[in-house]
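Working notes, structure below.
The values are calculated or read from the model by the stated rules, or taken from the named source; none is laboratory data. Everything quoted here is computed from the prediction, not taken from an experiment. All Cβ positions, even for glycine, are placed from backbone atoms using ideal geometry, and neighbour counts span all protein chains on display. Heavy atoms of the whole protein, side chains included, go into the accessibility calculation; ligands, DNA and RNA do not. Shrake-Rupley method; radii C 1.70, N 1.55, O 1.52, S 1.80 Å.
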Amino acid sequence: MALTRTARLALGAAGTVGAVVTAELVTRLIGDPSQVPPATTVLWRAAVLAADGGYLTQVADTLRAWFGGLLLATLGAVALGLVLNATPWLNDAARLVVELLRPIPSLALIPLAIVVFGMPSQSKTALVCYAATWPILINTLYALRDVDPVAKDTLRSFGFGPVSVLARVSLPSAAPFVATGVRISAAVGLVVVVSTELVAGAGEGVGGYLMDAQSGGGRPDLMLAGAVWAGLLGMLVNAALVAAERRAFRWHTAQTGEATP
């Protein structure tokens, strides 16, 4: 039996509270609070950070790099997917290149990005774009291949050209799956941008804050509080994209069920 949205939210809240209580008990009873602060201390520090203007500025830096890279990846991957789907010989030629580049970790390209772009903000955007391109591209290609050929042939029989078939059938059918790829890439992009800031962010963004909290004697409570906000950013971004997907593709969710966060 499918759970209602309220029941799912209640179970999620119960799981979160249970995890916090477990972490609190383990830290106080077994661990060393001076090395790993209790969960309540971390949550309090995270709440204080919400009113810290300096930290919010760093969060904005992270979000700008993330959004810029994700936007570029979405536009580029969808356009490339359309081209590859329309030209089978080019798709066959590019398949090996895609399979070669896709597994390369974005963090391994940090030195190259620094040399090519110089500025940390541009390097972060480029690495997010690289990492976010692959889920969107793969979803776009598979979605376009699964478009109902009968629907396309029907439009062609009525005299519609390739552009009309693409706009009226292929893109609307593929759009929900492309949106899923964007949602996956959004989470990947956040991981990449924070990780890049940790390694080569020059003190910028959430990753730069984590590095500053770790250095100078170390403040594990502040470091973990920053990490909590990084997780919350990911959760909020995913929730926003799921809500947008449900609203934009109601016809699709009516056929297949609600989009799963």
query: Condition test on Leu155, is it in contact (Cβ under 8 Å) with a residue 60 or more places away in the chain, farther than 23 Å from Thr180 by Cα and of a type in the set (A, V, I, L, M, F, W, C)?
result: no
task: Name the residue, out of Thr74, Thr41, Thr57, that is of a type in the set (Ser, Thr, Tyr), within 25 Å of the chain's Cα centre (by Cα) and surrounded by fewer than 19 Cβ atoms within 10 Å (Cβ to Cβ).
output: Thr57
message: Just to be sure before I move on: is Pro135 surrounded by 12 or more Cβ atoms within 10 Å (Cβ to Cβ), modelled with pLDDT under 85 and either touching a helix residue (DSSP H, G or I) at 6+ places or on another chain (Cβ under 7 Å) or within 16 Å of Gly189 (Cα to Cα) (or both) in the structure I sent?
response: no
- request: For Val116, state whether it is over 20 Å from Thr74 (Cβ atoms), of a type in the set (A, V, I, L, M, F, W, C) and either surrounded by fewer than 15 Cβ atoms within 10 Å (Cβ to Cβ) or touching a residue at least 40 places away in the same chain (Cβ under 8 Å) (or both).
  value: yes
task: Can you tell me which residue among Ala65, Ala46 is part of a helix (DSSP H, G or I), in contact with a Lys or Arg (Cβ under 8 Å, 6 or more places away or on another chain) and either within 20 Å of Val191 (Cβ to Cβ) or open to solvent by 50 Å² or more (accessible area, probe 1.4 Å) (or both)?
output: Ala65
- line: Over the stretch 77-105, the set of residues in a helix (DSSP H, G or I) and either surrounded by 14 or more Cβ atoms within 10 Å (Cβ to Cβ) or within 16 Å of the chain's Cα centre (by Cα) (or both) is Ala77, Val78, Leu80, Gly81, Leu82, Leu84, Asn85, Asn91, Ala94, Val98
query: Looking at the stretch 120-127, is at least one residue of a type in the set (Gly, Ala, Ser), more than 22 Å from the chain's Cα centre (by Cα) and at pLDDT below 85?
result: no
task: Six or more apart or on different chains, Cβ under 7 Å: which pairs go from a residue in the stretch 221-240 that's closer than 23 Å to Asp32 by Cβ and touching a residue at least 60 places away in the same chain (Cβ under 8 Å) to one that's among the basic types (Lys, Arg) and assigned to a helix (DSSP H, G or I)? Could you list them?
output: Asp221/Arg45; Leu222/Arg45; Ala225/Arg45
- prompt: Restricting attention to the stretch 147-161, which residues are touching a helix residue (DSSP H, G or I) at 6+ places or on another chain (Cβ under 8 Å) and open to solvent by 20 Å² or more (accessible area, probe 1.4 Å)?
  reply: Asp148, Ala151, Lys152, Leu155, Arg156, Phe160
